[in-house]
Amino acid sequence: MKRILLIHTGGTFGMALKDGTLAPSAFVQKILEFVPEVKRIAEIESHIVANIDSSNIGIEHWIKIADVISANYERFDGFVIPHGTDTMVYTATALSFMLDGLSKPVILTGSQRPLSEIRTDARNNLINAVELATFSIPEVGIFFNNKLFRGNRTKKLNIWGFDAFDSPNYPPLAEVGVGIEIYKENFLKREGGKLNVLKNFSDKVFCVKIFPSLKIDYLISLLNLDVQGFVLEAFGSGNLPNIEGRSLIPFIKSAVEMGRVVAISTQAVYGKVDLTLYQCGKDALDAGALSCKDMTTEAALVKLMFLFGKYGDDTKKVVEEFYKPIAGEIS
Ligand code: ASP
């Protein structure tokens with residue numbers, strides 16, 4: 001029988017209602033009592049890293065999870081991580097970068113309704129995630145509502161429906177129906193190697209959503225802060241204001257001159273950033289901005305955190321590595 005390690009971190013999955021509001025509960029200790037059937041799929045052990053609303057997740061939790069995976073890597077065939085849905089894509093992306101040489105499945109899952117409630121989706125998500133973790137899938141994935149996605153390509157798109165996630169610019173890795181379909185052709189082509197955990201992240205990044213009439217002064221004042229990398233979530237194919245009195249181009253120019261990285265992502269969900277399509281994007285490109293291409297804003301942010309963690313102040317190196325896929329996050 002395969003061996004799977006459950007690494008609990010929190011989220012709605014293990015929450016209970018307290019005065020009408022969902023909060024983490026002591027219930028997590030009993031997950032396996034609620035879903036005993038997972039023991040028919042694999043030998044399960046569990047480890048609790050945290051039991052928090054995932055809004056409170058940070059770099060220190062990513063490191064703890066990666067450490068638990070690394071310490072148990074040889075003993076288990078796969079890892080399933082119950083996690084809050086709100087920041088699941090950030091954790092999945094971070095782990096995909098940290099777990100260099102990964103050859104086993106690491107699958108994050110969660111739920112829209114707590115495991116203890118009727119009509120919960122937690123049970124299905126957990127059972128299927130555990131079953132998928134017994135397959136040879138060398139990826140950090142997110143399993144939700146019958147689909148396994150590459151974690152660093154995934155976005156949370158639905159707060160209410162059970163289909164909370166989708167991976168708009170990359171096909172699923174597996175689907176579950178009456179049977180299980182594994183789409184091997186979509187897996188990362190990795191050289192099987194030794195697991196090497198990379199743990200350095202910088203938190204000196206900042207993300208700005210661009211909107212009509214955004215004051216350039218606000219952006220310029222950010223340059224007084226110790227920010228190494230900015231992600232500007234722009235319009236459509238990566239466009240932002242470029243006319244007199246409204247232009248954000250001076251901000252990009254100054255930031256780049258000061259040795260900061262400015263990367264442009266999009267507010268659109270499908271398709272990719274192309275800074276050559278419109279003058280509004282081209283001016284940003286000419287000013288030194290990078291294009292996130294088909295990377296999600298979330299993946300771009302975590303990638304900057306990771307690259308600045310790895311290369312320190314070497315902006316040139318960060319820029320060079322930004323366009324190279326680390327774990328299939330960019331085409
Ligand atoms: N606020 C919760 C969390 O991210 C939402 C969820 O798990 O669905 O922890």
Inset, instruction - Give me a count of the residues in segment 313-331 that are surrounded by fewer than 17 Cβ atoms within 10 Å (Cβ to Cβ) and touching a residue at least 24 places away in the same chain (Cβ under 8 Å). - result: 3
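Yes or no, residue by residue, for (1) within 24 Å of N145 (Cα to Cα); (2) at pLDDT below 95; (3) assigned to a strand (DSSP E or B):
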position	(1), (2), (3)
I4	yes, no, yes
F13	yes, yes, no
L22	yes, yes, yes
F27	yes, yes, no
K30	yes, yes, no
A50	yes, yes, yes
S55	yes, no, no
H61	no, no, no
D67	no, no, no
Inset, instruction - Search segment 34-46 for residues that are closer than 12 Å to I4 by Cβ and pair each with any residue that is of a type in the set (G, A, S) when their beta-carbon atoms are under 8 Å apart and the residues are at least 6 apart or on different chains. - result: A42/G78; A42/A133
Inset, instruction - Give segment 77-114 a look and list any residue that's within 15 Å of the ligand (Cβ to nearest atom), surrounded by 24 or more Cβ atoms within 10 Å (Cβ to Cβ) and in a loop (DSSP other than H, G, I, E, B), or say none. - result: H83, G84, G110, S111
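With the structure loaded, tell me whether S247 is more than 30 Å from V89 (Cα to Cα) and either out of contact with any strand residue (DSSP E or B) (no Cβ under 7 Å at 6 or more places or on another chain) or of a type outside the set (D, E) (or both) or whether it fails that test.
Values: more than 30 Å from V89 (Cα to Cα): yes; either out of contact with any strand residue (DSSP E or B) (no Cβ under 7 Å at 6 or more places or on another chain) or of a type outside the set (D, E) (or both): yes.
It is true that S247 is more than 30 Å from V89 (Cα to Cα) and either out of contact with any strand residue (DSSP E or B) (no Cβ under 7 Å at 6 or more places or on another chain) or of a type outside the set (D, E) (or both).
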Inset, instruction - Being touching a strand residue (DSSP E or B) at 6+ places or on another chain (Cβ under 8 Å) and away from the ligand (no atom under 15 Å from the Cβ) narrows it down to one of I52, I69, so name that one. - result: I69
Inset, instruction - Looking only at segment 122-129, decide whether some residue is surrounded by 16 or more Cβ atoms within 10 Å (Cβ to Cβ), more than 16 Å from the ligand (Cβ to nearest atom) and modelled with pLDDT of 95 or more. - result: yes
Legend entry - Wholly within segment 133-211, strands (runs of 3 or more DSSP E) carrying at least 1 residues that are among the charged types (D, E, K, R) and within 17 Å of the chain's Cα centre (by Cα): 147-150
Legend entry - Flag for I59 being more than 13 Å from the ligand (Cβ to nearest atom) and either exposed (fewer than 14 other Cβ atoms within 10 Å of the Cβ) or under 20 Å from N128 (Cα atoms) (or both): no
Legend entry - Checklist (1) surrounded by fewer than 20 Cβ atoms within 10 Å (Cβ to Cβ); (2) within 25 Å of Y73 (Cα to Cα) applied to G151, failing item: (1)
Legend entry - Output for segment 189-202, where each listed residue is at pLDDT 95 or above and surrounded by 12 or more Cβ atoms within 10 Å (Cβ to Cβ): L195, V197, L198, K199, N200, F201, S202
Inset, instruction - Could you tell me whether S247 is in contact (Cβ under 8 Å) with a residue 24 or more places away in the chain and either more than 19 Å from V208 (Cα to Cα) or surrounded by fewer than 24 Cβ atoms within 10 Å (Cβ to Cβ) (or both)? - result: yes
Inset, instruction - Being farther than 23 Å from S213 by Cβ and of a type outside the set (A, V, I, L, M, F, W, C) is the filter here, so list the residues in segment 250-293 that pass it. - result: E257, G259, R260, Y270, G271, K272, D274, T276, D286, G288, S291, K293
Inset, instruction - Could you identify the single residue in N169, N242, N186 that is polar (S, T, N, Q) and more than 30 Å from N125 (Cα to Cα)? - result: N242
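The values are calculated or read from the model by the stated rules, or taken from the named source; none is laboratory data. Remember, it's a predicted structure, so these values are computed and weren't measured experimentally. Don't worry about glycine lacking a Cβ; one is built from the backbone with ideal geometry, like all the others, and counts go over all protein chains shown.
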